[in-house]
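The values are calculated or read from the model by the stated rules, or taken from the named source; none is laboratory data. Since the structure is predicted, the reported quantities are computational estimates derived from the model, not experimental observations. Counting neighbours? That spans all protein chains shown, and the Cβs are built from the backbone with ideal geometry, glycine included. For the accessible areas, the whole protein counts, side chains as well, though only heavy atoms, and no ligand, DNA or RNA atoms are used. Shrake-Rupley method; radii C 1.70, N 1.55, O 1.52, S 1.80 Å.
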Amino acid sequence: EFMEVLTSDIKLAAASSIFVLIYMFLHLRSLFLSIVGLFVMVLSVPLAYVVFAAITGITSMNVASFLSLFLIVGLGCDSAFVYSDFWHQSANIKAGEAERLIWTLQHAGKSTFASTFTTSISFLANLASVLRALREFGLFMGLCVLFVWILLTLIFLPFCAVSDRRRCSFGRFVRAFLMANMGLKRLLFRSDGEVTRPESGLETERTVDQAPVPEMQDPKVACWEVTSLYKYWARSCGRVVIRMMTCFIRFHRVLFLMWVICALTALIWAVAEVRTDAKLLNLFPPEHNQNRGNQVNEMFVDMAEAVPVGFKPPKLEHAVCQENAFKDSDSRDCVLFWCDTSAGKNPPTAPAAKGSCQCFRQTFMQDSCSGSPKALILQRYAWSRHMTEQDLGSLSAVFLQAANGSSLTINVQPIAPIVVQDWELGDVNVQSLTEVKMEVAKINRGSQLCGWTDLCFCELAICRPPAPWTPVPPLVFGAHPSQGSRRLVSTGPRVKLGDRVSVQVVFGLKIIGSRPMFGDFDPEGAWEFAENHQPQEPWAQRNMFAFCVDTARSELQVVEAQCWIENFRDYMKAMNEPFPVLPHRFHAMVSKFAVNALIGFTPPAEFLWFENGKLKASVINFWADVSKKTSAPAALAYSKTWDSHLAQYNAQASRFANNVWHSSSLWVVAEAQRELLTSTVLTLGLTIALAFIAMIIFTRSLVLSFFVVVATSGVISGLAFFMVVIMRWPVGPVEVISLIFFIGYAVTYSLHVAHRYSSPDAIPDQPEEVEPLNGEAVRRRRTEFALRSIGGATLGSAITTGGAACFLMAAQLTLFGKLGGVVLVVTLLSVLTALVPLPAALLWLGPVRPRTACKLRFQKPR
């Protein structure tokens, strides 16, 4: 079923490719170039897979890898549009295919390589993540980004020259390919960014602003060219950018400051509302039958609750227990209590009023209790509801007053239900029965009071017990008379059985390996038996048995345990054998125990590791009265309590049974949530820092690099606000992918604008007699040049990426739909930031001579 859904979603990838192809056809003005460009983009995915498999040794890909089909198209279209636009601009500056290819590579190649490099870094920075899936996907996408730039440079750009010819021949492509390689060498070994003049000297160099707009070619002449109507429509993107910039040029300072305020507000709001969730995303939507099946399963009782640890099959027959017998074994052996409310020989008794209990008491007075510091009170309450903390508070106050005591300890536990029957009338009611044990610290130790037992019927018909039971005044709940100091402790479990935390304590295993950076974890090679663990030694058996007893009595809130050493001790006692077992008989006896005994419904072999007939290691399971849904900080604090407990045991235990360690799924979830946030912040910082360095290399301007980083940070703040505040998503692996991976998307458009702003072509050389431009005029000229030269490609790339994201949002898999929405949002935020706030900042504070700062700093004095 999963493969069926995945196949259906892959069809959406094909539909998005058709959309991208149509838009590329409109923008590039050539069906041939559109098909070649799309083919080259898709070709980068299998090439990246081959290299990825060679590096990591992984031949299988996870579901997230299919996202590369959507993501790489948007990234590739950006470079393809830049190459195409610069190729058409080169016709106004250079004459001849060789010079045009070289000029395009020197300008468009640097711009696209800068964005490709920063985008690749944003993906590769996830190699520092603690999540293996993020590391693998980051490496794979980083390779895809690099390969798509290489293939577009080596294949797509030569085809731009081929498409301008009247006839498209293979020979023309080969010559254009060789010219592109010549230009690529100049791009890699020359970094001054100056426009190369032709050696013939027959051509005068002109800038884009100085050059006239060439006339449109006849569509019948060009090879696979579309009509001039499509040419005009494609070029209109750049005109829209210029008009939008002209409308906002008067308010550039206000726009930039408003954008900064909005970005800071979004970031602070998102940080205040952030929640973590280290669980993997459910792949199917809520209404899918996979989720509906899980909802139906949740309607059934959990197996751990239906069959608790130590469960034994019930007997076929049980004796009904008397309600006033008060035996110590009643809580364990009795499955049902019964009493008769009919009058019989006793006078009729009215039912207990609402909010009160009618109790009958049997008091124990003995000389031996004189001098005893405590009095024991044992009660049973037949009630239609469970007792609350307020009820227990009323009990403590009443019985402190009755016993003249100073402090009180209460232990509450439900026992088997009671059948309250009127034999004469035939009325039958089944009510819950709660047993309460209390110890009262007596002030007068000379009192002969040992304690008493109470049988209480609350808000229901009363079964009057025979003598020596005597009625006492009704007990009204809710009153708290003021008496001396008291201590109220409820020791019953608070957490539902199926929700309790399970902690495993391991004896005799030593961790020797670690998780690999890539690939699946091999559990067999990650551990070995500890040589010093010798369970056949008597002191080792004593230590393990004492560990089970001490852990149950400690402050770790353990309510249940599967301690095989305790069961092994009972097994040996039943066979009239001594415990601890002598070393020469231990392995034989424990092997028989593993085969013949049971720990609840579980065979002991599930907790033991044997090698060559000898016990080498074991595990003990504990269930604590702590919920699995405990917050990460509380879970980590509880884990440290176990650390302290085991450290104390290891320090005191013999060398044959020490070096014990513990594990729990709660620790894994809590640590994953903590590391998820830490790793996300670290990776975000590393990505932005590396991108900043890359931008300095390509723009050679600290100010421009700073502006791009600020613009990127604003986009990430907006994306975090969208995910955390608007969509209310907890931060998990998918959200981390969105925040970190799409930094490349966020930085691409802003980097293009900043790179073109710093271009030498923005301000051509002026004659000496012309008065030089002031700073404001230079900033405006550079900003207009940047938007004019790169604005159309930026809008085109945003449209293709957003269109592909819309198809991705329609996917049935939740992962694809979620990331589709993120891609759409980050694309909108990135293109708006690159075309509105960033130009506003450049108009206000942009550098006047961005590429000369480093040269002036290191220039030798004359």
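Leaving out ligands, DNA and RNA but keeping every protein chain, what accessible area does Phe518 have, in Å² rounded to the nearest 10, with a 1.4 Å probe?
40
Assuming R0 = 25 Å, what is the FRET efficiency of Ser331 and Ala597, from their Cβ-Cβ distance, to the nearest 0.05?
Using R0 = 25 Å, I get an efficiency of 0.50.
Of the heavy-atom accessible surface of region 501-617 (probe 1.4 angstrom), what whole percent is carbon and sulfur?
Heavy-atom surface of region 501-617 belonging to carbon and sulfur, 1.4 Å probe: 50 percent.
Excluding Ala594 itself, what net charge comes from residues whose Cβ is under 14 Å from its Cβ, given Lys and Arg +1 and Asp and Glu -1?
Net charge around Ala594: +1.
Any idea of Ile512's accessible area? Nearest 10 Å², probe 1.4 Å.
Roll a 1.4 Å probe over it and Ile512 shows about 90 Å².
I want the local charge near Cys144. Using Cβ-Cβ distances under 14 Å, sum +1 for each Lys or Arg and -1 for each Asp or Glu among the other residues.
Charge balance in the 14 Å sphere: -2.
For Lys629 and Lys573 in the same chain, what is the full-extension length gain: residue separation times 0.36 nm, less their Cα-Cα distance, in nm?
Gain on stretching Lys629 to Lys573: 16.1 nm.
Starting from the Cα of Arg585, step 7 Å toward the Cβ, then list every residue of region 539-579 with an amide N under 15 Å from that point.
Once the point is set 7 Å along Cα→Cβ of Arg585, 569-579 turn out to lie under 15 Å by backbone N, inside region 539-579.
Taking Cα centroids, how far is region 675-719 from region 541-571 in Å?
Each part's Cα centre sits 54 Å from the other's.
Report the net charge of residues surrounding Lys437, where surrounding means a beta-carbon distance below 13 angstrom and charges are Lys +1, Arg +1, Asp -1, Glu -1.
-3
When the solvent-accessible surface of protein heavy atoms is calculated with a 1.4 angstrom probe, in what order do Arg674, Arg756 fall, highest first?
From most exposed to least exposed: Arg674, Arg756.
So for region 638-707, Kirkwood radius off the Cα pairs, Stokes-Einstein at 25 °C and 0.890 mPa s: how many µm² s⁻¹?
Using the Kirkwood radius from Cα pairs, D works out to 152 µm²/s.
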